[in-house]
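S.K.: If you scroll down you'll find the structure; I have some questions about it.
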Amino acid sequence: MALSKNVCVLFKRCFQNKLSFKYLSTHSQPPIFPGAKAEWTQKLEFTGTHSYSPLPIYQVLDQQGQIIDASEDPKLNSNILEKMYKDMTLLNVLDKILYESQRQGRISFYMTNYGEEAAHIGSAAALTTNDVVYGQYREVGVLLWRGFTLPELMNQCYGNAEDKGKGRQMPVHYGSKNLNFVTISSPLTTQMPQAAGAAYALKGKNRVVICYFGEGAASEGDAHAALNFAATLDCPVIFFCRNNGYAISTPANEQYRGDGIGGRGPGYGINTLRVDGNDPLAVYNATRKAKEYAITESKPVLIEAMTYRVGHHSTSDDSSAYRSKEEVDHWSTNQNPVNRFRMYLQNNNLWNDELEKKWLAEARKNVISAFEEAEKRPKPNWSEMFKDVYETMPDYLVKQMESMQKHVEQYKEHYPVKNYSK
Amino acid sequence: MATLSSTPTMLNLASKASKLLSKRLFSTTKVATAKQMTVRDALNSALDEEMEKDERVFILGEEVALYDGAYKVTRGLWKKYGDKRVIDTPITEMGFAGVAVGAAMAGLKPVCEFMTFNFAMQAIDQIINSAGKTFYMSAGRVNVPIVFRGPNGAAAGVGAQHSQCYGAWYAHCPGLKVISPYTSEDARGLLKAAIRDPDPVVFLENELLYGVQYPISDEVLSKDFVLPIGKAKIERPGKHITIVAHSKAVETSLEAAKELAGKGIEVEVINLRSLRPLDFNTITASVVKTNHLISVEQGWPTCGIGAEILARIMESEAFYHLDQPAIRVTGVDTPMPYTKSLEGAALPQVADVVKAAKKLMKVK
């Protein structure tokens, strides 16, 4: 149906231009193929990565924390800047304690965020809590920014009775309906087409969806579907790629051959920004611009934040098997986003050694206390195990649950009922 | 009575195969001298030998080369065979499964590793619609000799999306062969057979068994050793009840059999090894002898392997030999809980099998 309509339009156009097929000359008339808007050429040559310069990397701060071009200063007020820095450093404190707790066998799994603090906080600060987040799994900074509390984080990692996820997911699979942060899903890249779908549903509502993903995830077929659907359906979504150089052990140069992930954006007809992911102000500006465009034009934007995963992929990984200590050290010292931002704040008299010392002590204390509290809390009530497979509990499950209720009541001295919430 | 009968049973088992024995009968010289091999090494040696034997065999998947595989099954193979034959791919299951299908169509013999079978869901169209059906649709002109392998079934502490058995899913599909090995012998003999097989084979390993050692004979260590696809193994003979299981559920069944032997119930444990083709003759022969049947599997009950076996028994002459309705012992009909205690409860345990057996035999 659609095809025949297009063909009719083409024919009509030919005749309106007073052309007959006999005289139709490809040299004098521009091409009218429905599949591309382009010019004719008589030169046969490849178009490839050599045909364009790679996308430049947008920066605001230099390595010493100085603003390079004053006109790019987002002029954030000091409260915002301080919160950004505190959340970045809190993330480090949190990671250290939870990583070690996994090593001690107190939680089963963990993933750190080292090296990507600026990408999380810079992007989160440019959005409001009303905007919807689809994360991959390494975006805890975004949650911290939105006000996800330390107890909430710890309760999830422990899967205790206070965990909103009722202990049903592995650690780091956070989610918060109030904060519009969609619960993390383990299989890779499922979040990308879903984010396009959510943005489609939120069109015209003055809200944007941000979808985080890694350069490895961008290899999944879902990534292609997501970008193409978002473009063709005009979805107000920001696809935010954290290009951190490694997908577990696979380095970026084995993951793709083009100009990163950003290089793909124009191919999908998506406006694209490539940004220094270790520069929180650059990430902030890029995300703010992306949001404005996505909402006013109702179109997707692709942001590629160039960064480096300083930590191991997860507690199941040992990255010394595939990269050198020198390489990691270079990034964690010379290119550290937290240090760079701290220098910026100090340059502007917004931070100093004394404040640093005081804040880190406070952060550590808060994290440890939330951690200890979470460890002590009881497990979810046993009846939860029958719930939530279906919205309405099927009769056979109701029967099982009632029978267990009677059984546990009758023989409660044989069950560790005190370990479970009432 | 129980103590008296349990000793000879355990000794008898020692010559069979059980990792438990090496722990419990540490003084038995026979076990101490028997060669042991982990399932991981069994798979690794099978891959190595088949790559050495046939230049067309190559491995592809995520992290299989430099990193030796997420579960180290391909350890050392990249060093030995190089980039040409052990290939790290980008993270696109549909992509590298499709590349494997194409390479097989063009005459190579790919071994396609999925980091786990949970991620093979991304590639299911290539596995079923392309690998599984091309031979038929090309009227027998294009065969697709691939092995899709990786860990399957419940792992530990990884929650609903990373812990499930796909045995029944693949066994459902004509065109595929489906293998679910238990011991190191199974893993070695069947992986070698799978690689040599002209058809696509789905090879379902178990993460929790990778590090387990099993006794292994010189015959099994021979480079020429292969096991027939589609043939089950009687792991333990018995006359009262037939238990049919695959993969880790065989372990559960053998432990239950040992416990039941102490109560005078002799269980015959059949390790299916292949889920498709299913060795129905071995099952019926056993049922005709024992008159009682239990199936044990970690997968869900609905449309599961046990459901298939019980249905086939119902349709066969063997049905008339049953003294009691057969019983399925399966994983619980729920997404896998993350909580450790519930995760255990969601999987068939020795006590569940013992209970089913006692119910059949009408004993307390």
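The values are calculated or read from the model by the stated rules, or taken from the named source; none is laboratory data. It should be emphasised that the depicted structure is a prediction, and the values quoted were computed from it without experimental measurement. Here the Cβ positions follow ideal geometry from the backbone for every residue, glycine too, while neighbour counts run over all protein chains shown. To get the accessible areas, we keep the full protein, side chains included, count just its heavy atoms, and leave off ligands, DNA and RNA. Shrake-Rupley method; radii C 1.70, N 1.55, O 1.52, S 1.80 Å.
S.K.: In segment A:361-397, which residue that is touching a strand residue (DSSP E or B) at 6+ places or on another chain (Cβ under 8 Å) and not in a helix (DSSP H, G or I) is farthest from residue A:148 (Cα to Cα)?
M.R.: Among those residues, the one meeting the criterion is A:381.
S.K.: Scan segment B:301-323 and tell me whether some residue there is within 14 Å of another protein chain (Cβ to nearest Cβ) and in a loop (DSSP other than H, G, I, E, B).
M.R.: Yes: one or more hits.
S.K.: Something else: Can you tell me which residue among B:143, B:129, B:118, B:152 is more than 21 Å from the chain's Cα centre (by Cα) and in contact (Cβ under 8 Å) with a residue 12 or more places away in the chain?
M.R.: Residue meeting the stated conditions: B:143.
S.K.: Being among the acidic types (Asp, Glu), within 19 Å of residue A:139 (Cβ to Cβ) and open to solvent by 30 Å² or more (accessible area, probe 1.4 Å) is the filter here; which residues of segment A:220-251 pass it?
M.R.: A:222
S.K.: So for segment B:215-232 (the condition being within 26 Å of residue B:345 (Cα to Cα) and open to solvent by 10 Å² or more (accessible area, probe 1.4 Å)), does at least one residue qualify?
M.R.: No, segment B:215-232 has no match at all.
S.K.: Another one. Kindly evaluate residue A:307 against the criterion of being within 24 Å of residue A:86 (Cβ to Cβ) and either within 15 Å of the chain's Cα centre (by Cα) or not assigned by TED's automatic domain parsing to the domain that holds residue A:82 (or both).
M.R.: yes
S.K.: Okay, next question. Touching a Ser or Thr at 6+ places or on another chain (Cβ under 6 Å) and small (Gly, Ala, Ser), is that true of residue B:306?
M.R.: In short, yes.
S.K.: Quick one: in segment B:324-334, of everything that is away from chain A (no Cβ under 14 Å) and open to solvent by 70 Å² or more (accessible area, probe 1.4 Å), which residue is farthest from the chain's Cα centre (by Cα)?
M.R.: Among residues in segment B:324-334 that are away from chain A (no Cβ under 14 Å) and open to solvent by 70 Å² or more (accessible area, probe 1.4 Å), the one farthest from the chain's Cα centre (by Cα) is B:325.
S.K.: Cβ-Cβ under 8 Å, sequence separation 6+ or interchain: first residue in segment A:282-302 and open to solvent by 60 Å² or more (accessible area, probe 1.4 Å), partner part of a helix (DSSP H, G or I) and of a type in the set (Gly, Ala, Ser). Which pairs?
M.R.: Final answer for the pair search is A:299/A:231.
S.K.: While we're here: Just the residues that are farther than 13 Å from residue A:246 by Cβ and touching a residue at least 24 places away in the same chain (Cβ under 8 Å), please, taken from segment A:310-338.
M.R.: Correct list: A:315, A:316, A:332, A:334, A:335, A:336, A:337, A:338.
S.K.: If you don't mind, there's one more thing I want to ask. With respect to the numbered conditions (1) more than 10 Å from chain A (Cβ to nearest Cβ); (2) open to solvent by less than 30 Å² (accessible area, probe 1.4 Å); (3) of a type in the set (D, E, K, R), which one is the sole condition not fulfilled by residue B:63?
M.R.: Tallying (1) more than 10 Å from chain A (Cβ to nearest Cβ); (2) open to solvent by less than 30 Å² (accessible area, probe 1.4 Å); (3) of a type in the set (D, E, K, R), residue B:63 fails exactly one: (1).
S.K.: I'm told residue B:273 meets every condition in (1) modelled with pLDDT of 95 or more; (2) open to solvent by 40 Å² or more (accessible area, probe 1.4 Å); (3) of a type in the set (Lys, Arg) except one. Can you identify the failing condition by its number?
M.R.: Failing condition for residue B:273: (2).
S.K.: Which condition does residue B:337 not pass, out of (1) farther than 14 Å from residue B:295 by Cα; (2) without any contact (Cβ under 8 Å) to a residue 60 or more places away in the chain; (3) open to solvent by less than 30 Å² (accessible area, probe 1.4 Å), if it passes all the others?
M.R.: All conditions are met except number (2).
S.K.: Given the conditions (1) touching a Gly at 6+ places or on another chain (Cβ under 9 Å); (2) open to solvent by less than 10 Å² (accessible area, probe 1.4 Å), report the number of the one that residue A:131 does not fulfil.
M.R.: Answer for residue A:131: the failing condition is (1).
S.K.: Need a quick list: strands (runs of 3 or more DSSP E) entirely within segment B:222-278 having at least 2 residues that are within 19 Å of residue B:39 (Cβ to Cβ) and within 13 Å of the chain's Cα centre (by Cα).
M.R.: Filter on segment B:222-278 gives B:274-276.
S.K.: Let me confirm something: among A:121, A:107, A:97, A:80, which residue is open to solvent by 40 Å² or more (accessible area, probe 1.4 Å) and in the same structural domain as residue A:203 (by TED's automatic domain parsing)?
M.R.: The conditions single out A:80.
S.K.: Find all pairs meeting these conditions: Cβ atoms under 9 angstrom apart; at least six residues apart or on different chains; first residue within segment A:45-60 and in a loop (DSSP other than H, G, I, E, B); second residue of a type in the set (Ser, Thr, Tyr).
M.R.: Final answer for the pair search is A:45/A:51; A:55/A:272; A:60/A:284.
S.K.: To continue, here is another question. May I ask you to list the residues in segment A:312-371 that are open to solvent by less than 70 Å² (accessible area, probe 1.4 Å), within 14 Å of chain B (Cβ to nearest Cβ) and over 25 Å from the mean Cα position of the chain (by Cα)?
M.R.: Passing the criteria: A:321, A:324.
S.K.: Could you pull out every one of the helices (runs of 4 or more DSSP H) wholly within segment A:170-286 that has 3 or more residues that are more than 14 Å from every other protein chain (Cβ to nearest Cβ)?
M.R.: A:191-201, A:221-232
S.K.: Out of the helices (runs of 4 or more DSSP H) lying entirely within segment B:1-83, which hold 3 or more residues that are modelled with pLDDT under 95?
M.R.: B:2-14, B:19-24, B:29-33
S.K.: Still on this model: Can you say whether residue B:89 is touching a His at 6+ places or on another chain (Cβ under 8 Å), β-branched (Val, Ile, Thr) and within 14 Å of chain A (Cβ to nearest Cβ), as far as the supplied structure shows?
M.R.: Criteria not met by residue B:89.
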